[in-house]
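Colleague: Can you read through this structure? Questions will come right after.
The values are calculated or read from the model by the stated rules, or taken from the named source; none is laboratory data. Bear in mind that the values here come from a model prediction, so they are computed numbers and not experimental data. Using ideal geometry, Cβ is built from the backbone for each residue, glycine included, and neighbour counts are taken over all protein chains shown. Surface accessibility is based on the protein's heavy atoms, side chains included, excluding ligands, DNA and RNA. Shrake-Rupley method; radii C 1.70, N 1.55, O 1.52, S 1.80 Å.
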Amino acid sequence: MIFPCKFILFLPILLIIIFQNKIQGRTLLLNNNNNYCYKKLQRPFNNTVSAVFVFGDSTVDSGNNNYINTIAKCDFPPYGRDFANHVPTGRFTNGRLVTDYLASYMGIKDFVPPYLDPNLSLDELMTGVSFASGSSGFDPLTAQLVDVITMEKQLEYFKEYKRKLENSIGKEKTKLLISKAAFIISAGTNDFAVNYYNTPFRRQKYYNVSQYQQFLMQMVQQFIQGLMNEGARVIGVAGVPPFGCLPIVITIDSGDALQPRRCIESYSAVAREYNSLLQRLLKTMEIHGTKLFYIDIYDPINDMIQNPIKYGFSEVTMGCCGSGLIEASILCNPKSIVCNNPSNHMFWDAVHPSQATYYTVFQAIRPSIDFAINQL
């Protein structure tokens with residue numbers, strides 16, 4: 001049974017269920033020695049990537065939720081405190097996302113803007129945007145819980161984007177640009193950590209998590225096929241992290257909210273199983289002229305948790321913002337206390353990694369990105 005207090009604690013995602021009643025039933029502190037936000041990354045030779053297009057959840061949302069009516073926002077301090085000019089852009093972290101580092105590494109641009117930003121220039125549009133929405137997931141219900149952008153709607157926005165480009169540069173140039181672009185998808189964690197495990201709705205239909213995983217695979221396949229139908233040729237799909245180690249999950253679901261704080265291994269085992277299913281799906285979907293590749297984020301994040309000193313972390317079970325136990329989105333706000341040394345924290349808030357963590361993940365997945373670039 002899900003108790004009301006659990007709904008209240010579990011982020012804005014569960015807060016919105018109560019408040020709106022729509023459905024029934026380590027931050028980096030930049031100094032002279034820290035330049036994660038501004039450093040120029042080594043770029044691969046013979047880069048032929050035209051643009052980068054991003055889809056998914058808060059791990060890759062660069063600010064789309066700023067422009068929709070949802071409680072799942074972060075366009076206010078202390079978010080963005082280590083971004084360029086300390087601007088809270090709507091990224092659910094203190095600085096850059098993995099996709100920002102990827103775009104810079106590919107030689108495209110330093111930051112991937114949100115598609116819904118009405119002030120984007122044609123050049124910004126042509127070099128790629130993010131369609132992602134914080135709190136979304138492959139399961140449409142996950143996004144509906146807090147009125148964010150479903151994956152289906154993100155695909156519709158991409159189709160709209162294509163029409164805009166065709167009107168500006170013509171159909172042939174648009175087709176070539178898309179065929180030479182890198183597509184990145186990062187979603188799935190909210191489907192489990194928020195939707196399946198902390199609301200009753202899906203468990204009434206899918207009596208065990210394996211059934212739910214199969215449902216998600218169908219949704220993933222449908223989305224990837226939609227991108228392929230629109231001309232995508234190189235698509236990278238990130239797996240899910242060990243979500244049993246998210247600070248808020250430990251707080252709410254582990255039974256040890258304070259001490260000792262440990263990952264929920266049963267949840268992380270589900271993440272590993274999901275990632276295995278995803279890898280098999282990508283292999284079966286690949287056709288001539290199209291390259292689908294798996295982006296492993298589980299192993300690098302798990303290694304950070306298991307070997308924090310190796311990565312310069314002293315805290316891996318609590319966020320930097322507030323108590324570090326439950327704060328995220330509106331619960332991490334200008335009145336929140338931020339830890340004295342954010343660079344020691346793996347998590348910025350109780351859900352989202354810090355810029356330092358995202359940079360480390362980027363370094364870990366660079367071989368996959370190099371492989372993808374070589375396919376273009």
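Colleague: Give me a count of the residues in region 339-357 that are open to solvent by 10 Å² or more (accessible area, probe 1.4 Å), closer than 12 Å to Gly95 by Cα and in a helix (DSSP H, G or I).
Modeller: Of the residues in that region, 1 qualify.
Colleague: Go through (1) open to solvent by 10 Å² or more (accessible area, probe 1.4 Å); (2) assigned to a helix (DSSP H, G or I); (3) within 30 Å of Tyr161 (Cα to Cα) and name the single condition Gly289 misses.
Modeller: Only one criterion in (1) open to solvent by 10 Å² or more (accessible area, probe 1.4 Å); (2) assigned to a helix (DSSP H, G or I); (3) within 30 Å of Tyr161 (Cα to Cα) is unmet by Gly289, namely (2).
Colleague: With the structure loaded, tell me whether Phe183 is in contact with a helix residue (DSSP H, G or I) (Cβ under 7 Å, 6 or more places away or on another chain), part of a helix (DSSP H, G or I) and closer than 20 Å to Ala132 by Cα or whether it fails that test.
Modeller: Against the criterion (in contact with a helix residue (DSSP H, G or I) (Cβ under 7 Å, 6 or more places away or on another chain), part of a helix (DSSP H, G or I) and closer than 20 Å to Ala132 by Cα), Phe183 does not qualify.
Colleague: Ok, one more. Given the structure, is Asn85 out of contact with any helix residue (DSSP H, G or I) (no Cβ under 7 Å at 6 or more places or on another chain), open to solvent by 10 Å² or more (accessible area, probe 1.4 Å), more than 24 Å from Ile178 (Cα to Cα) and at pLDDT 95 or above?
Modeller: Against the criterion (out of contact with any helix residue (DSSP H, G or I) (no Cβ under 7 Å at 6 or more places or on another chain), open to solvent by 10 Å² or more (accessible area, probe 1.4 Å), more than 24 Å from Ile178 (Cα to Cα) and at pLDDT 95 or above), Asn85 does not qualify.
Colleague: Any idea which residue in region 119-137 is nearest to Ser58 (Cα to Cα), counting only those that are touching a helix residue (DSSP H, G or I) at 6+ places or on another chain (Cβ under 8 Å) and open to solvent by 30 Å² or more (accessible area, probe 1.4 Å)?
Modeller: Filtering region 119-137 for residues that are touching a helix residue (DSSP H, G or I) at 6+ places or on another chain (Cβ under 8 Å) and open to solvent by 30 Å² or more (accessible area, probe 1.4 Å), the one nearest to Ser58 (Cα to Cα) comes out as Met126.
Colleague: Also, I was wondering about something else. Only one of (1) in contact with a strand residue (DSSP E or B) (Cβ under 6 Å, 6 or more places away or on another chain); (2) more than 21 Å from Ala356 (Cα to Cα); (3) modelled with pLDDT of 95 or more is not met by Ser50, so which one is it?
Modeller: If we test Ser50 against (1) in contact with a strand residue (DSSP E or B) (Cβ under 6 Å, 6 or more places away or on another chain); (2) more than 21 Å from Ala356 (Cα to Cα); (3) modelled with pLDDT of 95 or more, just (1) comes out false.
Colleague: Turning to a different aspect of this structure: Could you give every pair whose Cβ atoms fall below 7 Å, whose first residue belongs to region 69-98 and is in a helix (DSSP H, G or I), and whose second residue is small (Gly, Ala, Ser), counting only separations of at least 6 or pairs across chains?
Modeller: From region 69-98, the pairs are His86/Gly80.
Colleague: Given the options Leu116, Leu97, Leu120, name the one that is out of contact with any His (no Cβ under 7 Å at 6 or more places or on another chain) and over 23 Å from Cys332 (Cβ atoms).
Modeller: Details: Leu116 fails: over 23 Å from Cys332 (Cβ atoms); Leu97 fails: over 23 Å from Cys332 (Cβ atoms).
Going through Leu116, Leu97, Leu120 in turn, just one is out of contact with any His (no Cβ under 7 Å at 6 or more places or on another chain) and over 23 Å from Cys332 (Cβ atoms): Leu120.
Colleague: Confirm whether Glu315 is more than 30 Å from Asn69 (Cα to Cα), surrounded by fewer than 17 Cβ atoms within 10 Å (Cβ to Cβ) and modelled with pLDDT of 95 or more.
Modeller: Details: more than 30 Å from Asn69 (Cα to Cα): yes; surrounded by fewer than 17 Cβ atoms within 10 Å (Cβ to Cβ): no; modelled with pLDDT of 95 or more: yes.
In short, no.
Colleague: Just one of the numbered conditions (1) under 25 Å from Ser354 (Cα atoms); (2) assigned to a loop (DSSP other than H, G, I, E, B); (3) of a type outside the set (Val, Ile, Thr); (4) open to solvent by less than 30 Å² (accessible area, probe 1.4 Å) is not true of Ala232; which one?
Modeller: Failing condition for Ala232: (1).
Colleague: Here is a follow-up. Could you please find all residues in region 143-169 being over 15 Å from Ile184 (Cβ atoms) and under 14 Å from the mean Cα position of the chain (by Cα)?
Modeller: Across region 143-169, the qualifying residues are Ala143, Val148, Ile149, Thr150.
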